[in-house]
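Asker: The following block contains the structure, expressed as structure tokens.
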Amino acid sequence: MKLDNKVALITGSTRGIGKAIASLFLESGAKVAVCGSNIENAKRAVEELKNELNINDDNVMPVGINMKDKENIKEVVKLVIDRFGKIDILVNNAGITSNVSLLDSTDEEFEEMFQINFFGV
């Protein structure tokens, strides 16, 4: 397969585009760290992917990650390397938006978006 022996860490991969990327990578032979804002969502997404793709635990792992916490991000990288031995591919998919226009966002909402969407990467 195209991604045999490759390891991917995909942030924001518990639903939507990120989960579709995780599914495609798994189908292509990669080992994938499915990252969500909490471990429960990541575990749920991993179970769904395992059932949909008929894969086992050897190829996929759930990870809870706080994209606003640099130390947590470093811990997650270490967890993935400890589990799979390396990281070949990083997909920075995690991101948030506001339900209001940028001009109507509070300082706190804007700061959170910036922390996750810019500094998290």
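Asker: Pick out the one residue from GLY29, GLY18, GLY85 that is closer than 27 Å to GLU111 by Cα and small (Gly, Ala, Ser).
Answerer: So the residue among GLY29, GLY18, GLY85 that is closer than 27 Å to GLU111 by Cα and small (Gly, Ala, Ser) is GLY18.
Asker: So, in region 95-104, of the ones that are free of Cβ contacts under 8 Å to residues at least 40 places away in the same chain and within 25 Å of CYS35 (Cβ to Cβ), which residue ends up most open to solvent (accessible area, probe 1.4 Å)?
Answerer: The selected residue is ASN99.
So that you can scan it fast, the table gives a plain yes or no per residue for (1) crowded, with 16+ Cβ neighbours inside 10 Å; (2) more than 13 Å from the chain's Cα centre (by Cα); (3) within 21 Å of GLY120 (Cβ to Cβ); (4) at pLDDT 95 or above:
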site: GLY18; (1), (2), (3), (4): yes, no, yes, yes
site: ALA30; (1), (2), (3), (4): yes, yes, no, yes
site: ALA33; (1), (2), (3), (4): yes, no, yes, yes
site: SER37; (1), (2), (3), (4): yes, no, yes, no
site: GLU47; (1), (2), (3), (4): no, yes, no, yes
site: GLU52; (1), (2), (3), (4): no, yes, no, yes
site: ASP58; (1), (2), (3), (4): no, yes, no, no
site: MET61; (1), (2), (3), (4): yes, no, yes, yes
site: ILE65; (1), (2), (3), (4): yes, no, yes, yes
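The values are calculated or read from the model by the stated rules, or taken from the named source; none is laboratory data. Only a predicted model underlies this, so the values are computations on that prediction, with no experimental measurement involved. Heads up, the Cβs are rebuilt from the backbone with ideal geometry, glycines too, and the neighbour counts pull from every protein chain shown. In case anyone asks, the SASA skips ligands and DNA or RNA and just uses the protein heavy atoms, side chains included. Shrake-Rupley method; radii C 1.70, N 1.55, O 1.52, S 1.80 Å.
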